[in-house]
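A short write-up of the structure that comes next.
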Amino acid sequence: MSAGNDGTNNNNSNPIAVGYDKLTGNKTSKNTLIVANANDAVINTDGSLFSVSINTSSSQGPTDDRRIKPDITGNGTSLTSTISTSNTATASYSGTSMASPNVAGTLLLLQQHQKNLTNSFMKSSTLRGLVCHTADDAGNLGPDAKMGWGLLNAKKAVETITGNGLTSWISEENLTQGQTFNITVKSNGGSSNPLIASITWTDLPGVANNGTLGDNNITPVLVNDLDIRITKDGTTFYPWKLQSNPSALAVRNGDNNVDNIEVIKIDAPSVGDYVISVTHKGNLVSGSQNYSLIFTGITSDFSLISKSEDLTLFSNQDAVYNFEYKQTGNMTTTFSAVGLPIGATAIFSPSSLSANGTVTMTVSGLNAVQPGTYSVGISGSNGIEIETRMKQLTVYSPIVQPLVLTSPVSGQNSVAVSVFLNWNSNVNVENYNLQVSNQSDFSSLFVNINTTENNYLLTGLTPETVYYWRVIPSNRCGTALVSEALINNFRTAVVTCGSTFTASDFSNATIATTANSVATVPIVVSGGLIIGDLNVNLNITHTYIQDMKYYLEGPAAIGSPIITLFDEPCGDNDDINCTLDDAGINFTCGATAPSIIGNVKPVDYLANLNNLPADGIWTLRVVDAYNGDGGIINSVSLSICNLEQPLSKSDNTLSEVKVYPNPAKGIINIDLSSLSYSNSTMYKVNDFQGRQVLEKKSNNMIEVLNIENLSEGVYLLTIENDLGKTTKK
């Protein structure tokens with residue numbers, strides 16, 4: 001992604017330092033590769049970099065928490081580009097929008113090279129880490145806030161891929177909670193062969209900045225904070241990190257707690273072994289973190305490179321992985337398996353090699369393995385050096401068990417007309433077939449969809465209606481029995497629509513042309529409504545609507561919930577005049593203004609607001625993170641359907657139910673025909689000590705309970721369905 005061309009723009013009235021802090025909007029995102037623009041480089045005859053300078057128009061970093069941004073620099077000055085005037089027309093352009101596609105094209109070639117060698121592509125974190133790791137240092141010594149890690153060096157990146165296992169190392173690992181990963185590498189030493197080690201990971205999303213955090217917030221945005229260290233003979237080497245003053249040289253004398261690319265460089269290593277360690281701080285959200293590990297400036301006696309993709313198999317199949325083996329000496333390397341799941345076995349062909357060749361690892365016995373995803377691998381040892389390479393193995397069983405439906409709970413009343421259906425996920429499932437009907441036998445389906453998620457937002461429901469739902473799981477091996485699927489039911493509430501609340505205070509509705517402009521409009525809601533459905537009617541005039549993020553914020557009394565309506569939609573399109581509705585369509589970007597019209601889905605579900613009190617001050621907040629285009633919020637209103645609160649079920653709710661004979665002997669008849677109710681009813685019989693002695697669920701209008709096995713005495717019969725509940729003696 002381009003860094004932007006605000007290098008000579010001083011619109012930021014409160015920068016962290018003069019001449020810096022000019023990255024705006026998504027240019028500060030932590031998991032992207034942000035590209036700066038360099039002038040033409042001067043290259044030595046051997047292909048090495050002699051000198052390069054930044055184009056003064058290229059936007060400078062860093063981020064407020066002092067992350068190294070931009071990440072990388074590419075040539076984007078006076079490049080020849082195609083233009084739209086004809087199929088053959090070209091023109092010369094400069095800017096980060098030239099540098100960014102230049103870098104992107106190189107990255108595609110690197111992926112192609114990786115695929116050719118290994119039959120698999122690199123993860124995005126590996127690719128991002130590779131180009132930063134192998135960049136030519138430019139600008140200040142070490143990383144800086146103008147050129148990032150330096151000028152992209154495609155040749156060095158290719159050599160790192162090609163030399164993987166012998167003169168370099170690239171692997172994709174997983175760090176679990178509390179784990180320390182250690183690996184020993186060998187350096188030949190010398191200033192011409194620096195030892196460089198790096199880790200890169202795709203960090204989890206943090207708390208979105210909706211324009212209320214203020215300027216220059218130094219709180220790190222990292223969620224999972226990994227650490228890399230190199231040690232030798234009691235000396236510890238640390239990763240690069242920017243200082244508070246971005247014009248100062250980066251340091252490497254301590255911890256880096258802000259970047260998710262960490263690089264350690266030992267300029268002139270001594271000959272011998274170094275231990276590289278990867279750990280983490282605090283708790284890892286989700287319990288683990290994938291990361292990419294890269295070393296250069298190392299030497300190895302042999303290498304093992306996978307030639308196989310990660311595998312997903314039936315439990316009656318064998319997993320076959322091929323590895324290319326190369327060696328530089330004449331020693332014999334023996335192979336063994338690591339990470340095998342319980343029940344599996346592995347054989348190698350051949351079991352050892354003393355010359356270049358291919359080794360095949362076959363993992364069998366998967367029918368004894370629990371379904372799931374495993375990290376399995378090959379370990380090679382020549383008695384001096386050990387190298388381990390891991391691959392992913394996913395095993396599915398054809399026996400697919402029924403799922404547990406979690407919410408709404410079966411029998412729940414007063415459910416909103418848009419509701420989230422949730423069920424437990426299962427590692428043996430690839431697809432969930434959700435079926436929803438207003439018939440208990442599912443003879444007609446309101447919804448019949450397949451999803452890979454374990455939840456679904458159901459919209460367009462009819463008030464005061466009973467719905468039945470079930471989920472039928474499957475994988476590539478088999479499908480669960482429909483007859484065994486758990487069925488839940490719920491009844492929608494009485495919903496009254498037609499209440500619209502329109503904003504009247506537009507004193508802060510102007511969206512300025514300077515970066516990080518925030519416009520807000522309050523909407524006052526009253527009347528004691530409970531949200532059963534909420535839509536947002538929005539009209540905004542603004543050129544280049546992609547500049548903006550749009551939020552609806554709830555009152556403080558309900559916890560100030562934030563719903564993202566749009567997140568930098570479309571491109572240089574103009575204006576919005578639409579209704580945001582969970583039941584709407586996915587928006588499209590029209591060529592003429594207004595670009596977004598009609599009933600469209602928001603980014604976040606408005607149904608997250610269901611069942612909350614509506615009274616209070618709601619706020620439409622629009623954040624324009626970029627310099628240039630401006631606009632105004634013309635109007636905004638909220639359309640709210642009121643969710644009627646359920647009446648409590650009293651013992652008289654089903655007073656018209658007839659129970660006979662009473663006293664009874666052998667059988668008892670229960671007549672619900674006067675209720676005109678055909679859905680399921682639950683019958684429970686308890687003795688006077690509270691012990692349940694009989695339970696039955698039925699859809700019959702007249703039900704017969706067999707009580708011939710009950711001892712003589714007095715019992716309580718409880719009858720309950722969606723209409724209510726009654727207890728009879």
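Rule-based calculations on the coordinates, nothing more; no lab input. What you see is a predicted model, and the numbers here were worked out from it, not measured in a lab. Positions of Cβ are generated from backbone atoms using ideal geometry, with glycine treated the same way; all protein chains shown enter the neighbour counts.
Descriptive notes on the structure:
- When Rg and the Kirkwood Rh are both derived from Cα coordinates, the Rg/Rh ratio for the stretch 83-145 amounts to 1.10.
- Whole-angstrom gap from the stretch 186-251 to the stretch 703-717, using each part's C-alpha centre: 73
- Subset of 156/265; 30/232; 69/265; 241/549; 658/696 violating a 22 Å alpha-carbon distance limit: 30/232; 241/549
- The stretch 382-457 - convex hull of alpha carbons, volume per residue in Å³: 157
- Given charges at beta-carbon only (K, R positive; D, E negative), |dipole| of the stretch 497-643 in Debye: 240
- For the stretch 343-489, the C-alpha radius of gyration divided by 2.2 N^0.38 Å, with N the number of residues, is 1.56.
- The stretch 311-457: relative contact order in percent, alpha carbon pairs under 8 Å with at least 6 residues between: 20
- Between residue 455 and residue 219, the FRET efficiency from the beta-carbon distance, with R0 = 35 Å, is close to 0.70.
- For the stretch 302-396, the fraction of alpha-carbon pairs lying more than 23 Å apart is 23 percent, rounded to a whole number.
- Put simply, the Cα atoms of the stretch 405-493 extend 40, 23, 19 Å along their principal axes, the longest span coming first.
- Computed from the C-alpha gyration tensor, the three semi-axes of the ellipsoid equivalent to the stretch 130-229 are 30, 21, 13 Å, from longest to shortest.
- Protection proxy ranking of 715-727, 294-306, 658-670 - average other beta-carbon atoms within 10 Å, highest first: 294-306, 715-727, 658-670
- For the chain, Cys with no neighbouring Cys Cβ under 4.7 Å: 132, 477, 578
- In sequence order, the stretch 470-480 has phi-based couplings of 8, 10, 10, x, 8, 9, 5, 9, x, 10, 5 Hz under the Karplus curve 6.51 cos²θ - 1.76 cosθ + 1.60, θ = phi - 60°, and Gly or Pro positions carry x.
- Estimated purely from DSSP H runs of n ≥ 4, each contributing -39500 (n - 2.57), the mean residue ellipticity at 222 nm for the chain is -2000 deg cm²/dmol once divided by its residues.
- Stretching the chain fully between residue 665 and residue 634 yields a gain of 3.7 nm (0.36 nm per residue, less the alpha carbon separation).
- You can think of it this way: the chain between residue 179 and residue 479 has 104.3 nm of extra reach, that is 0.36 nm per residue less the Cα-Cα gap.
- Eligible aspartates and glutamates near residue 728 by straight Cα distance, threshold 18 Å, same-chain separation 8 or greater: 651, 656, 671, 687, 695, 703, 712, 720
- Computed over all pairs of different Cα atoms, the Kirkwood value for the hydrodynamic radius of the stretch 541-668 is 18.1 Å.
- Restricted to Cα atoms, the stretch 658-728 shows a radius of gyration and a Dmax of 11.8, 34 angstrom.
- Links that overshoot a 32 Å alpha carbon limit, given the list 22/186; 146/281; 115/601: 22/186; 115/601
- Extension gain, residue 328-residue 349: 0.36 nm per intervening residue step, less the Cα-Cα distance, totals 5.5 nm.
- Divided by 2.2 N^0.38 Å, where N counts the residues, the Cα radius of gyration of the stretch 25-296 comes to 1.02.
- Calculated log₁₀ intensity ratio I(q)/I(0) where the Debye formula runs over C-alpha points of the chain, q = 0.06, 0.08 Å⁻¹: -0.52, -0.86
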